[in-house]
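Notes follow once the structure below has been shown.
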Amino acid sequence: MKTPWQLMTGGDWLVVLTLLGISVAGIAWLAAAPKGTRVVVTSGDQTCFVAGLDQFHSVDLDGPLGKTHLVIDATGAHVTSSPCPRKVCISMGPAKHSGDLLACVPNRIMVRIESPANEDVPYDLLSR
Amino acid sequence: MPWNRPLIIGIILLLLALGWLRTNSGETDQVRRSQLMMGTIVEIVASGRDTGQLDAAVDDAFAEMARLDRLLSRHYQDSDVSRLSQSSKGSKVAPETAEVIALGLDVARRSKGAFDLTLGRLKILWGIDQENPVIPTPAAIAEALEGTGVQALSLEGLNLIKRSPQLMVDLGGIAKGYIVDQAVMVLKKHGITSGAVNAGGDMYLLGQHPEHPWRIGIQHPREQGGILATVKVRDMAVVTSGDYERFFEQDGQRYHHIFDPGTGSPARDCQSVTVITDSVALGDALATALFVLGPEKGLALLAEYPGSEGLLVAADGTLHPSPGWANYAGSP
């Protein structure tokens, strides 16, 4: 009586090893992928800027009033200058957790932090 | 090379079965959309198994919010609120407007005027929302307060009656909350049982987050980006008002947007107030009233609303939670 392993043919082993290789490569690719926390900026209805939260950026965002300046650094994404009258967007401080939102309402700029669903964040929404 | 066909077929069937399970496992989808409206960011989150249903619910909720904003905002010339301010004696209003004003007048009475719907002229005088706000003179403040107060407005059915022709109604302390509540109603009508509507931090949490109760972070009033506390809630409103939202500083003094109707100047006894209650409109009005009243009188007023809890940060930074606040507290 042959064991199941003895019944395996060369072709069977080829299929099994190929599938195993694909699985290992897939896991390695996922592990090497960026953390995934992104800063997504919309101006009006259009997405105008996307960047990783873990990379420094300094960018001017065009809106109807002029340029809103956004900086992404170690503290998060924050507005450093804006043509709007009240500068509420600057005083909102940094956004850094998944779901955090910043906006310059007069200049129609909205900044959102997006992360993979399984990211461990301290809260779901912020009451401010 | 010989092939063991049954084994290959078995593997293929197994992979197909896993694929089928992956796509039909009943996993919850989530639709999350944001729009700029009512002078802030409005975010609606809806979770469920039918993405089409979620999309339709969120679309309709945003449409309802836009409709109500046009009715209740003083920034639209044809809104009920603008028509009221322009009329000398008052006017007939939409049922929704009447509902908001009825709730506002009730909180105004119970808070002994700490919450006030009649401060439109005072808010324009201070111009906190403008580029270069100035501190008004005492005489100008006194003039803007003339004819305001709890008795200055009354509601008979859908007819709103003004005591003073120059009275300007301002629903800024309650309309946003009411509009959020109505958006939640729309989600419920679509059969949504898990979601959230968040208008600049004034929010309602419907059901629970797909994986746990909703965890709400509360902004620290003095640490930019800092969290004062987190709370865990479901089917409740969470509203925060603070002196850090809209303000200017002059000679070391902070002038913010929450006015004490008694003095006509920004209220001084709190840095922030968070209220947890069953509707955002009520939470909105209570947060303002508590902010004006300060910790001691504020917590006394809150005790008159069963099921409502609050956390007040006094002007000196001390925390004043209501007795049942700990039931919602997550972590510091």
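The values are calculated or read from the model by the stated rules, or taken from the named source; none is laboratory data. A quick note: this is a predicted structure, and the numbers were derived from the prediction, not measured. Here the Cβ positions follow ideal geometry from the backbone for every residue, glycine too, while neighbour counts run over all protein chains shown.
Values as computed for the structure displayed
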{"read-out": "Near pairs, Cβ below 7 angstrom, 6+ apart or cross-chain, from region B:74-96 (without any contact (Cβ under 8 Å) to a residue 40 or more places away in the chain) to any residue that is in a loop (DSSP other than H, G, I, E, B)", "value": "B:Ser79/B:Ser73; B:Asp80/B:Val93; B:Asp80/B:Ala94; B:Ser82/B:Arg74; B:Ser82/B:Tyr76"}
{"read-out": "Residues located in region B:225-247, provided they are within 9 Å of chain A (Cβ to nearest Cβ) and among the charged types (D, E, K, R)", "value": "B:Glu245, B:Arg246"}
{"read-out": "Subset of region B:125-151 (residues that are over 25 Å from the mean Cα position of the chain (by Cα) and either in the same structural domain as B:Val197 (by TED's automatic domain parsing) or among the small types (Gly, Ala, Ser) (or both))", "value": "B:Ala139, B:Ala140, B:Ala142, B:Ala144, B:Gly147"}
{"read-out": "Those residues of region B:39-53 which are farther than 25 Å from A:Ile109 by Cα, touching a strand residue (DSSP E or B) at 6+ places or on another chain (Cβ under 6 Å) and in contact (Cβ under 8 Å) with a residue 40 or more places away in the chain, in sequence order", "value": "B:Ser47"}
{"read-out": "Subset of region B:207-225 (residues that are part of a strand (DSSP E or B) and buried (at least 17 other Cβ atoms within 10 Å of the Cβ))", "value": "B:His209, B:Trp214, B:Arg215, B:Ile216, B:Gly217, B:Ile218, B:Gln219"}
{"read-out": "So B:Met38, is it surrounded by 15 or more Cβ atoms within 10 Å (Cβ to Cβ), among the aliphatic types (A, V, I, L, M) and over 11 Å from B:Gln182 (Cβ atoms)", "value": "yes"}
{"read-out": "Flag for B:Tyr204 being assigned to a strand (DSSP E or B), within 14 Å of another protein chain (Cβ to nearest Cβ), over 17 Å from the mean Cα position of the chain (by Cα) and more than 14 Å from B:Gly173 (Cα to Cα)", "value": "no"}
{"read-out": "Segments classed as strands (runs of 3 or more DSSP E), wholly inside region A:56-123, with at least 2 members that are within 9 Å of chain B (Cβ to nearest Cβ) and not hydroxyl-bearing (Ser, Thr, Tyr)", "value": "A:76-81, A:101-104, A:109-114"}
{"read-out": "Unique match (being over 24 Å from B:Arg121 (Cβ atoms), more than 10 Å from every other protein chain (Cβ to nearest Cβ) and touching a residue at least 24 places away in the same chain (Cβ under 8 Å)) among B:Arg215, B:Arg222", "value": "B:Arg222"}
{"read-out": "Meets criteria (under 23 Å from B:Gly39 (Cβ atoms) and in contact with a Ser or Thr (Cβ under 8 Å, 6 or more places away or on another chain)) for B:Leu71", "value": "yes"}
{"read-out": "Test: residue in region A:64-85 that is in contact (Cβ under 8 Å) with a residue 12 or more places away in the chain, surrounded by fewer than 17 Cβ atoms within 10 Å (Cβ to Cβ) and of a type in the set (D, E, K, R)", "value": "yes"}
